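Take this structure, written in C-alpha cells, and hold onto it; I'll ask about it next.
The values are calculated or read from the model by the stated rules, or taken from the named source; none is laboratory data. As the structure is a prediction and not an experimental result, all values here were calculated from the model. Methodologically, a virtual Cβ is constructed for each residue, glycine included, from the backbone with ideal geometry; neighbour enumeration extends over all protein chains shown. For the accessible areas, the whole protein counts, side chains as well, though only heavy atoms, and no ligand, DNA or RNA atoms are used. Shrake-Rupley method; radii C 1.70, N 1.55, O 1.52, S 1.80 Å.
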Amino acid sequence: MFKSRRPDQTFEPLLGLRSVSAGYPTARVLHEVDLVVGTGEVVGLLGRNGMGKTTTLMTIMGRVRPRAGCIFFDRQLVDGLPPFRIARLGIGLVPEGGQVLRNLTVRENLVATARPPIGGRTGWTLDAVFDLFPRVCERADRFADRFSGGEQQMLAIGRALMTNPRLLVLDEATEGLAPFVRRDIWRVLAELKSRGHSLLVVDKNVASLGSLADRFYVLEKGRVFWQGSPAILLADPVTLHRHLGI
Ligand SMILES: Nc1ncnc2c1ncn2[C@@H]1O[C@H](COP(=O)(O)OP(=O)(O)O)[C@@H](O)[C@H]1O
Ligand SMILES: [Mg+2]
C-alpha cells in the first residue's frame with residue numbers, strides 16, 4: 001500500500017514497473033524506469049516529445065520487450081507475455097491517434113472489442129458507453145470514417161472501456177483537438193475516476209491532467225526524472241519550463 005494525493009486514501013499497487021529498460025533495435029530508450037499505478041489511482045506520465053512516454057506504454061502493453069527489469073500487473077509478472085495476453089489480463093490502451101476501425105459503424109466498433117469483466121464486477125455495456133458519450137451515441141449507426149478527430153478519440157475510449165479493463169491507459173487522447181472537445185474528454189476521464197477506474201494518462205496538457213491525476217511522473221531521456229504530487233509540480237515554474245517546455 002502507498003499513500004497518494006487523496007490524503008485519506010491508500011492504493012493497492014495494480015501495475016508496477018521495476019527498473020525497466022527497453023527500446024528498439026536501433027535505440028535504447030527507457031533506462032531503469034520505476035513506476036506504479038494503484039487500484040483506483042490516476043497517474044499522469046509527462047515529458048517533452050521523444051522522452052519515452054509512448055515507449056513506456058508500449059512496453060507495458062507487451063509491444064516492446066524490456067531488456068531488463070520486470071513488470072507486474074495484479075501481482076503477476078507480465079513482461080514477456082504477448083500483447084493479447086496482457087490486454088486480456090485487463091489493460092486497455094487508447095493508442096495515440098485513437099485508431100478506430102473506420103469501415104465499421106460506431107456500434108460495430110464498440111461491439112467488436114466487448115469482453116466481460118474479470119472477477120464479477122459490473123461491466124460496461126453499449127448503453128453505458130453511449131451515456132458517457134452522448135455525441136457518439138447520436139451517430140451510433142454511422143461509419144467511423146465520417147467522424148472528426150475528437151469523435152474518433154471518444155470512440156477509441158469507448159472501445160477500450162468495452163474490454164472492461166482494470167487499467168485504462170491513454171496516449172495523448174486530447175492531442176490536436178479543439179478546446180471544447182478536449183473539455184469533453186477531460187469530463188469523461190473525471191467521470192471514470194469518480195467511478196473508481198485506474199488510469200495511466202499521457203498528455204501534454206499539464207494543467208488539466210494536474211486536476212485529474214493523483215500523482216505525476218516526468219520522463220527525461222527515458223528516465224524518471226521527477227515524481228510526486230501534481231500540485232507541487234504545477235507550483236514549480238522552473239521544472240515546468242526546463243523539463244516540460246512550459
Ligand atoms: N519504432 C521505433 N524505432 C526506433 N526508435 C523509436 C521508435 N519509436 C520511438 N523511437 C524513439 O524513441 C524515443 C522515444 O520515443 P517515444 O517513446 O515515442 O517518446 P514520446 O512518446 O515521449 O514522445 C525517441 O527518440 C524516438 O525517436
Ligand atoms: Mg508519444
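Kindly provide the set of residues from region 105-148 that are hydroxyl-bearing (Ser, Thr, Tyr) and either free of Cβ contacts under 8 Å to residues at least 40 places away in the same chain or open to solvent by 80 Å² or more (accessible area, probe 1.4 Å) (or both), ordered by number. Steps first, answer last, please.
Taking region 105-148 first, the residues hydroxyl-bearing (Ser, Thr, Tyr) are 105, 113, 122, 125, 148.
Hits for region 105-148 are Thr105, Thr122, Thr125, Ser148.
Here is a further query. Quick check on my filter: what residues within region 171-207 are under 26 Å from Ile86 (Cα atoms), within 16 Å of ligand 2 (Cβ to nearest atom) and touching a helix residue (DSSP H, G or I) at 6+ places or on another chain (Cβ under 7 Å)?
Passing the criteria: Asp171, Ala173, Thr174, Val201, Val202, Asp203.
Just one of the numbered conditions (1) under 28 Å from Gly149 (Cα atoms); (2) in contact with a Leu (Cβ under 8 Å, 6 or more places away or on another chain) is not true of Thr239; which one?
Every condition holds for Thr239 apart from (1).
Those residues that are of a type outside the set (Lys, Arg) and either surrounded by 17 or more Cβ atoms within 10 Å (Cβ to Cβ) or under 13 Å from the mean Cα position of the chain (by Cα) (or both), I need them from region 191-204; list them, please.
Within region 191-204, Leu192, His197, Ser198, Leu199, Leu200, Val201, Val202, Asp203 qualify.
State yes or no: is Glu175 outside any helix (DSSP H, G or I) and open to solvent by 40 Å² or more (accessible area, probe 1.4 Å)? Full working, then the answer.
Working: outside any helix (DSSP H, G or I): yes; open to solvent by 40 Å² or more (accessible area, probe 1.4 Å): yes.
In short, yes.
Quick one: in region 149-172, of everything that is open to solvent by 20 Å² or more (accessible area, probe 1.4 Å) and in a loop (DSSP other than H, G, I, E, B), which residue is farthest from Gly120 (Cα to Cα)?
If we take residues in region 149-172 being open to solvent by 20 Å² or more (accessible area, probe 1.4 Å) and in a loop (DSSP other than H, G, I, E, B), then Thr163 is farthest from Gly120 (Cα to Cα).
Please return the ranges of strands (runs of 3 or more DSSP E) entirely within region 7-96 where 2 or more residues are out of contact with any helix residue (DSSP H, G or I) (no Cβ under 8 Å at 6 or more places or on another chain).
Values: elements: 13-24, 27-38, 42-46, 66-73, 91-94.
The qualifying strands (runs of 3 or more DSSP E) are 13-24, 27-38, 66-73.
Given the residues Val169, Val201, Val206, which is the only one that is within 27 Å of Phe11 (Cα to Cα) and in contact with a Gly (Cβ under 6 Å, 6 or more places away or on another chain)? Give the steps one after another, and end with the answer.
Working: Val169 fails: in contact with a Gly (Cβ under 6 Å, 6 or more places away or on another chain); Val206 fails: in contact with a Gly (Cβ under 6 Å, 6 or more places away or on another chain).
Only one candidate passes the filter, namely Val201.
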